[in-house]
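The values are calculated or read from the model by the stated rules, or taken from the named source; none is laboratory data. This structure is a prediction, so every number in the text was calculated from the model and none was measured. Neighbour counts are summed over all protein chains in view; Cβ atoms, including those assigned to glycine, are modelled from backbone coordinates with ideal geometry. We work out accessible area using only protein heavy atoms, side chains counted, and drop any ligands, DNA or RNA first. Shrake-Rupley method; radii C 1.70, N 1.55, O 1.52, S 1.80 Å.
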Amino acid sequence: MTTNATSPGPLVDTFGRRISYLRISVTDRCDFRCVYCMSEDMTFLPRKDVLSFEEIDAFASAFIARGTTKIRLTGGEPLVRRDIMTLVDRLGSHLGKGLDELTVTTNGSQLVRHARGLAAAGIRRINVSLDTLDHQRFATITRRGRLDDVLAGIDAAQQSDLAVKINMVAMRGVNDDEIEPMMHWAHGKGMGLTLIEGMPLGEVGIDRVDTYLPLRQLHEALSARYTLTRLDQRTGGPARYVHVSETGGTLGFITPMSHNFCESCNRVRLTATGQLFLCLGQDDQVNLRDAYRQDGFDGLNAALDHAMLIKPKGHDFVIDRAHPQPAVARHMSLTGG
Ligand code: SAM
Ligand code: SF4
């Protein structure tokens with residue numbers, strides 16, 4: 001096995017898209033069971049197959065050597081993985097040495113414990129997923145969580161000087177009446193709010209057709225009531241942002257269903273067991289763990305070259321009664337959104 005990362009060139013797929021953004025799911029486990037994400041009875045990946053921190057750091061090094069400038073830790077819930085701060089510190093040591101940004105997407109339940117450590121490792125911004133400010137609703141949507149823990153976590157993050165963006169899955173008949181109150185709350189606390197369309201990944205606990213809320217319509221409705229100015233903040237993902245004059249805050253729309261931005265996709269997703277998924281809505285993947293365990297960095301780089309050849313052009317999500325099956329069988333918790 002070779003022991004150091006070589007740099008055979010930037011990662012560019014067959015559609016000319018440069019891959020500069022890696023999302024790492026550090027665990028598929030979670031302390032919540034959000035109805036759109038997981039079923040009540042989930043089977044999780046065997047612990048023995050999960051990548052070690054050394055392996056994750058080696059993979060991150062290989063990606064950074066090939067032009068990855070941004071890494072997001074996600075899950076499952078990343079902050080429930082044991083000793084997660086050890087990994088965060090290790091990955092944080094790449095900042096300024098090829099890596100421009102390290103971020104986390106979290107449900108917020110463990111932030112009181114970890115906010116300070118995240119900031120100390122060089123993290124500047126985090127995303128916290130929160131779909132409601134109503135205690136009862138929160139318990140229903142997450143099936144497990146306590147809203148007060150998340151709210152205290154958000155406060156802890158802000159006190160640690162982490163910029164917080166709230167991610168809210170917008171669901172018709174579930175929380176659509178809270179979109180405006182959530183926007184005022186988030187903007188009032190200096191946080192952005194990004195709305196997400198529910199995506200058809202894995203069998204879960206809600207009827208996705210009933211709860212699907214096309215954000216394009218919502219955008220139009222909000223435009224009639226607020227002064228929305230389009231911001232040129234591009235992330236290479238399906239998010240578009242507006243500035244809301246009345247609140248002074250930023251509102252984002254992630255619209256993989258009603259508007260597809262695959263042509264500018266710059267990202268790939270690593271699962272906790274080392275599969276690299278090349279599109280959120282397709283099954284194409286390469287097994288980085290096996291490649292690395294067999295042939296070290298040479299194997300890893302060969303697998304990455306192969307990945308660039310098979311990254312699909314895009315997804316073709318549909319949610320309607322004629323398509324009752326999920327687009328892919330795996331749950332969002334495997335790849336982390
Ligand atoms: N546990 C962390 C959290 O909730 O932020 C990180 C992982 S979670 C899978 C990442 C994001 O995916 C969350 O914002 C969550 O709301 C979103 N998500 C999960 N399942 C989804 C689905 N089927 N459609 C759209 N968004 C989903
Ligand atoms: Fe857990 Fe995040 Fe999925 Fe909710 S959305 S079940 S918090 S992984």
Notebook entry, point to check: Out of (1) surrounded by 15 or more Cβ atoms within 10 Å (Cβ to Cβ); (2) over 30 Å from residue 131 (Cβ atoms); (3) of a type in the set (Ser, Thr, Tyr), the odd one out for residue 21 is which?
Noted result: (2)
Note to self: Looking for something more than 30 Å from residue 122 (Cβ to Cβ) and not hydroxyl-bearing (Ser, Thr, Tyr) - is there at least one such residue anywhere in the stretch 160-171?
What the structure shows: yes
Notebook entry, point to check: Restricting attention to the stretch 60-76, does a residue exist that is aromatic (Phe, Trp, Tyr) and over 19 Å from the mean Cα position of the chain (by Cα)?
Noted result: no
Next item on the list: Among the residues of the stretch 223-257, count how many are modelled with pLDDT under 95, crowded, with 16+ Cβ neighbours inside 10 Å and assigned to a loop (DSSP other than H, G, I, E, B).
Entry: 7
Next item on the list: Would you please name the residue that is farthest from ligand 2 (Cβ to nearest atom), looking only at residues in the stretch 24-46 that are open to solvent by less than 40 Å² (accessible area, probe 1.4 Å) and of a type in the set (D, E, K, R)?
Entry: 28
Checklist line | Residue match in the stretch 279-300 (condition: within 25 Å of residue 27 (Cα to Cα), assigned to a strand (DSSP E or B) and in contact (Cβ under 8 Å) with a residue 40 or more places away in the chain) | finding: no
Notebook entry, point to check: How about the stretch 155-182: which of its residues are crowded, with 20+ Cβ neighbours inside 10 Å, part of a loop (DSSP other than H, G, I, E, B) and touching a Ser or Thr at 6+ places or on another chain (Cβ under 6 Å)?
Noted result: 174, 175
Check: Are any residues in the stretch 13-53 within 15 Å of ligand 1 (Cβ to nearest atom) and of a type in the set (S, T, N, Q), and if so, which ones?
Finding: 25, 27, 39
Next item on the list: Could you tell me which numbered condition residue 39 fails, if it satisfies all but one of (1) within 30 Å of residue 138 (Cα to Cα); (2) without any contact (Cβ under 8 Å) to a residue 60 or more places away in the chain?
Entry: (2)
Check: Hey, residue 151 hits all of (1) touching a Ser or Thr at 6+ places or on another chain (Cβ under 9 Å); (2) under 27 Å from residue 41 (Cα atoms); (3) modelled with pLDDT of 95 or more but one; which does it fall short on?
Finding: (1)
Next item on the list: State all residues of the stretch 271-300 that are in contact with a Gly (Cβ under 9 Å, 6 or more places away or on another chain) and open to solvent by less than 10 Å² (accessible area, probe 1.4 Å); if no residue qualifies, say none.
Entry: 271, 272, 281, 288
Notebook entry, point to check: Hey, residue 185 hits all of (1) more than 16 Å from ligand 2 (Cβ to nearest atom); (2) surrounded by fewer than 19 Cβ atoms within 10 Å (Cβ to Cβ); (3) over 18 Å from residue 107 (Cα atoms) but one; which does it fall short on?
Noted result: (3)
